[in-house]
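First comes the structure, then the notes that go with it.
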Amino acid sequence: MRAQGQKFEQLAKSYLESQGLVAICDNFSCKVGEIDLIMTDNKSLIFIEVKQRANNQYGGALAAVSLTKQRRVIKTAMVYCAAKKINFEQQASRFDVVAITGSHEPFDIQWLKNAFPQ
C-alpha cells in the first residue's frame, strides 16, 4: 500500500513540477502527522496532500480529505516551519490537494489550490 502511495505522490510531484512548482521535501513526517509534498511557487510555501482513488464512487479523492485530515496537515506544517526556523505566521503559504482518479493510465489529475483554510 505504501509503495502505491509513493507512486501517486511521485506522479503528483512530476505534474506540479511541470506546472512550475519547485520541490523542497517529500513525505515530511512527525508525531503530529505527515505532509506528502512541500513545494514552492515563487515565494509561497505550498503544503500538498495527495489522494488517489480508483473512481469517483463515494465522492472520489477530493472527498477523502476530511476536516480532521486538514487540521492534522496544518499542525504538521507548523511543526515543519518550526524545525526549519520559518515564521509560519509571516510566511506566505497555502494548502493544496492533488486528487488522482483512476487505477491505470491515463489518470485524471485535479490540482486544487488553497484547498482548505489556515
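The values are calculated or read from the model by the stated rules, or taken from the named source; none is laboratory data. The structure displayed is predicted, hence computed values, not measured ones. Using ideal geometry, Cβ is built from the backbone for each residue, glycine included, and neighbour counts are taken over all protein chains shown.
Considering the range 107-118 alone, what residues qualify as being part of a loop (DSSP other than H, G, I, E, B) and surrounded by 14 or more Cβ atoms within 10 Å (Cβ to Cβ)? Correct list: PHE107, ALA115, PHE116. Among the helices (runs of 4 or more DSSP H) confined to the range 1-106, the ones with at least 3 residues that are at pLDDT 95 or above and within 16 Å of the chain's Cα centre (by Cα) are located at 2-18, 67-83. Checking each residue in the range 62-118 for being of a type in the set (Gly, Ala, Ser) and within 15 Å of LEU37 (Cβ to Cβ) picks out ALA77, SER93, ALA99, ALA115.
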